[in-house]
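Heads up, the thing below is written out as structure tokens.
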Amino acid sequence: MDFELSPEQVAFREEVERFLDENDDPEVFDVTRENMAQIVDTPKKREFMRKVGDRGWLGITWPKEWGGQESDGVYEYLLNEALARRGGPQIGKGVGIIGKTILAHGSERLKREFLPKILRNEVEFAVGYSEPDAGSDAASMKLRATRDGDGWRLNGQKTWTTSAHFAEWYWVGARTDPDAPKHRGITLFLVPLDQPGITINPIWTMGDERTNDVFFDEVWVSDDYVVGEVNRGFQYISEALDLERFTMFTFSPIEQRMDVLREYVATETRDDQPLADDPVVRHDVARLATDCEVARVLGLRFVAKSMKGGAPPTTEASEYKLFATELSKRLANASMDIGGPGSQLRVKTEDAPMAGRAESTYRYTVIDTIGGGASEIQKNIIARRKLGLPKNF
Amino acid sequence: MRFAFTEDQLLFRTTVREFLEKECTPADVRAAWASASGWSTERWAKLATLGVTGLTVPEDHGGLGMDELVLVLVLEESGRAALPEPIVATTAVGAPLLRDVGSEDLRERWLGAVSAGRAVLGVGLASLPYVDHAASADLLLLQRGDELHAVPRDEVTLVAQPALDGARRLATVEWEPGAATRLATGERAVWAAEYAFDRGALATAAQLLGVSQQLITMAVEHARHRVQFGQPIGAFQAVKHMLADALLQLELARPVVYRAAYSVARAVPERPLDVSMAKAFASDAATLACRVALQTHGAIGYTWEHDLHLWMKRGWALAAAWGDAAWHRARVGAAVVPAS
């Protein structure tokens, strides 16, 4: 075991940093958008990700047959962490959730249509699992798909679809067999978001970001756009969720915010006393710094486990998501506390401590322990799959 | 970059685990606690045959010449079994200290004996108020100011300090430094003492991983079989979330301890910081595992007859030994936010 990057990995990281320096642009990179910085929601961000694709960096772990490099996941990890550290768009659901699911389960037609576009970053996806009555209990989704000729007719509602207002395609789960047990009656579809019958309504959030309700009214989808087998959708969703838990919650933004707090404590005073001499502040910062190191090496362990081409380890993904998001919140709490009364000033306000990062982070991180499987759901997963405790529902 | 152990390292761990499952059962631990010394010379001799006692001793002194990356795996197993023997003081701290600063004569005399399981070392650094297994130690490695001494036990006065762990017997040591026992002085002695302290903190952190693992395993077994309100109590989210929290803290502590082992083995400059992060986190994880395990067991876990207390007491003892969580967090604080 060692904890050093290999010369090839160091060289890759330096190549990425040079590339990011050359493509530096405040409209593409903005750490104050917190976790939402990762989505590719503007033309400039799309253009940037196309350049990432030109480098061959979107298909690092994909098979060569489909334009990938069949390389180690560690390079994808290094790239994503570098992008996240600068608040840039990241390799996300196209390459990960959708691409990898199509590679594993999709038809030849879906592979030919979508995989090349994903690698060139010519398509953006929105993911639709959540519904008003299917949150933590995602398998109880009710959006109905009924047989209609050579395809399906979709009716119902999705919610919390963050990318629906700018994406072209909707990766959506629908109930195809209402009589089967709830996990076995769901099918995954790919639906163009400009299809007649789809209505997208914005929902604005405490983090100043937009997410959406999406309504389906007699929306027709051809059999060609069924992903994998009918009624196997929830299995595919579960596999991809393990991946999502890891890729959605990168470590470097937490580290970056920790550096902001540490710098503030090292240089600022409160009541004319250096913050660095306050034992309570030192204790808090020491605990957070230790937790950051824990999250970093836990992430590396996850990378190591999933590197050999195997499926990402489920409980490790849950552990990482649970700890990293709770840590992110604790860091935000500490930044607000230590920043004092000025920490309520909005981000980018001149007088705000830590340039207002405390305020934006505090508002934003509250969603991280809810989205992508709430902390309590992660604990259920850990207790059942790793400890072997009985089901409770 | 390789964040996984090698096959050989894992195989050695398996060998030790299988040995301890046979030779260090809860009944054996109880027997050791009830004995005069608190531990078993027979089991220590068998551990020597496996190479465990001399794991850190150079090969030319009959040891395995291995580093902390293997050692932490073995120590984890020793924690899992609540091993009563003095592996931390002798193998993890004492032998490397003698190896690094001992005279040729001392190395010749003691390192071979450690490898053969014939000698036990005690370590009394200035920062440690109590010396564990001191009454059993043949040679005590003691610090006073900027001097390190190697003193035979019959040249010191021990004052027993009865403590909660029945195997990890503690004592304070009264002694006078003299020219004949001097190991190292000045910067070299301070360097060696600081390194020794970090080795001890790392070793107890690794043992705490095993202790926590065993506590959680026992609690999960209980939660799966204890029926109340018509179902196993492990089905209740109030119970399973408590256990998941305990497991999470353990799983988080593990890679940080491995990271610290790497830093100690390779003498990286951040070694004290990495060790303190590991010990602070492992101490907290073990303290939580103790509480959760007892809460899951309910009243039966409070009894002397149940084995739970053997691990809880070891957990409490080690969490406080070689710097408790607060001490190590203070050291982390000093490193990440230097005082003005």
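The calculated 222 nm mean residue ellipticity attributable to helices in the protein assembly as shown amounts to -16000 deg cm²/dmol, summing -39500 (n - 2.57) over DSSP H runs of n ≥ 4 and dividing by all residues.
Hey, what did chain A get for relative contact order, percent, Cα under 8 Å, at least 6 apart? Could you put the intermediate results ahead of the total?
On the way: 636 pairs, mean separation 52.4, N = 393.
Across chain A, relative contact order equals 13 percent.
In this structure, the amide hydrogen of residue B:124, modeled 1.01 Å from its nitrogen in the peptide plane, lies closer than 5 angstrom to those of B:141, B:142, B:143, counting only residues at least 5 positions away or on a different chain.
Report the FRET efficiency, 1/(1 + (r/R0)^6), for residue A:280 and residue A:111, where r is their Cβ-Cβ distance and R0 is 41 Å, rounded to 0.05. It would help to have the intermediate numbers written out before the result.
Values: r = 57 Å, r/R0 = 1.39.
E(calc), rounded to 0.05, equals 0.10.
Just to confirm the number: angle between the C-alpha axis of helix A:7-22 and the first principal axis of chain A, 0 to 90 degrees, nearest 10? Helix A:7-22 sits at roughly 90 degrees to that axis. Taking chain A as the reference, fit the longest principal axis to its C-alpha atoms, fit the long axis of helix A:108-119 to the helix C-alpha atoms, and give the angle between the two in degrees, 0 to 90, nearest 10. For A:108-119 against chain A, the angle is about 20 degrees. Straight-line reach from residue A:45: taking Cα to Cα under 13 Å and skipping same-chain neighbours fewer than 8 places apart, the aspartates and glutamates in range are A:24, A:25, A:27, A:30, A:122, A:124. Remark: mean inter-chain Cβ contacts per residue of A:319-329 equal 2, using a 10 Å Cβ-Cβ cutoff to other protein chain atoms.
A protection proxy built from the mean count of other Cβ atoms within 10 Å ranks the segments A:281-287, A:334-340, A:65-71, most packed first, as A:281-287, A:334-340, A:65-71.
For chain B, what is the charge dipole size about the Cα centre, in debye to the nearest 20, if Lys and Arg each add +1 at the Cβ and Asp and Glu each add -1 at the Cβ? Working shown, then result.
Working: 32 positive and 39 negative charges, 184 e Å.
Roughly 880 debye, rounded to the nearest 20.
Amide H to amide H distances under 5 Å link residue B:183 with B:148, B:149, B:150, where only residues 5 or more positions off or on other chains count and H is placed in the peptide plane.
Starting from the Cα gyration tensor of the protein assembly as shown, multiply each eigenvalue by 5, take the square root, and state the resulting semi-axes largest first in whole Å. Intermediate results must be reported in sequence, preceding the final value.
Working: eigenvalues 542, 169, 114 Å².
In descending order, the three semi-axes are 52, 29, 24 Å.
Protection proxy ranking, highest mean first, for peptides B:166-175, B:25-34: B:166-175, B:25-34, where packing is the per-residue count of other beta-carbon atoms within 10 Å, averaged.
Each residue of the stretch A:23-31 was assigned a 3J(HN,Hα) from its phi angle through the Karplus curve 6.51 cos²θ - 1.76 cosθ + 1.60 (θ = phi - 60°); the sequence is 9, 5, 7, x, 7, 9, 10, 8, 5 Hz, with glycine and proline shown as x.
Filter the chymotrypsin sites (Phe, Trp or Tyr not before Pro) in the stretch B:242-340 to those in DSSP coil with at most 10 other Cβ atoms within 10 Å of their Cβ, and list the result. Before the final figure, lay out each step's value.
Numbers: sites: B:258, B:262, B:281, B:302, B:304, B:311, B:316, B:322, B:327; in loops: B:304, B:322.
Answer in residue order: B:304.
Peptides B:37-49, A:96-108 ranked from most to least packed give A:96-108, B:37-49, packing being the mean of other C-beta atoms within 10 angstrom over each peptide's residues.
With θ taken as phi - 60° and the Karplus curve 6.51 cos²θ - 1.76 cosθ + 1.60 applied, the whole-hertz 3J(HN,Hα) list for the stretch B:191-199 is 4, 5, 5, 5, 5, 4, 4, 5, 5 Hz, x standing for glycine and proline.
Normalised by residue number, the volume inside the convex hull of the Cα atoms of the stretch A:126-231 is 92 Å³ per residue.
From the Kirkwood radius over Cα pairs of chain A, Stokes-Einstein at 4 °C and 1.567 mPa s returns a whole-number translational diffusion coefficient of 58 µm²/s.
Between the stretch A:27-45 and the stretch B:203-260, what's the alpha-carbon centroid distance in Å? Result: 39 Å between the Cα centres.
Computed from backbone phi, the HN-Hα couplings of the stretch A:220-236 come to 8, 10, 6, 4, 4, 9, 7, 8, x, 8, 4, 6, 9, x, 5, 4, 5 Hz, rounded to whole numbers (Karplus: 6.51 cos²θ - 1.76 cosθ + 1.60, θ = phi - 60°; Gly and Pro given as x).
If you average the sequence gap of Cα pairs under 8 Å that are 6 or more apart and divide by the length of the stretch B:188-336, what percent do you get for the contact order?
Numbers: 190 pairs, mean separation 50.1, N = 149.
The value is 34 percent.
Using a cut-off of 31 Å between Cα atoms, the listed pairs A:182/A:379; A:142/A:305; A:64/A:158; A:93/A:182 include A:142/A:305; A:64/A:158 as exceeding that distance.
Peptide B:230-242 shows a mean partner chain C-beta count of 4 within 10 Å per residue C-beta. Peptide A:260-270 has a mean shielding of 1, counted as Cβ atoms of other protein chains within 10 Å of each residue's Cβ.
Each value in this text was obtained by applying a stated rule to the coordinates, not by laboratory testing. The structure displayed is predicted, hence computed values, not measured ones. FYI the Cβ positions are ideal-geometry reconstructions off the backbone, even for glycines, and counts take in every protein chain you see.
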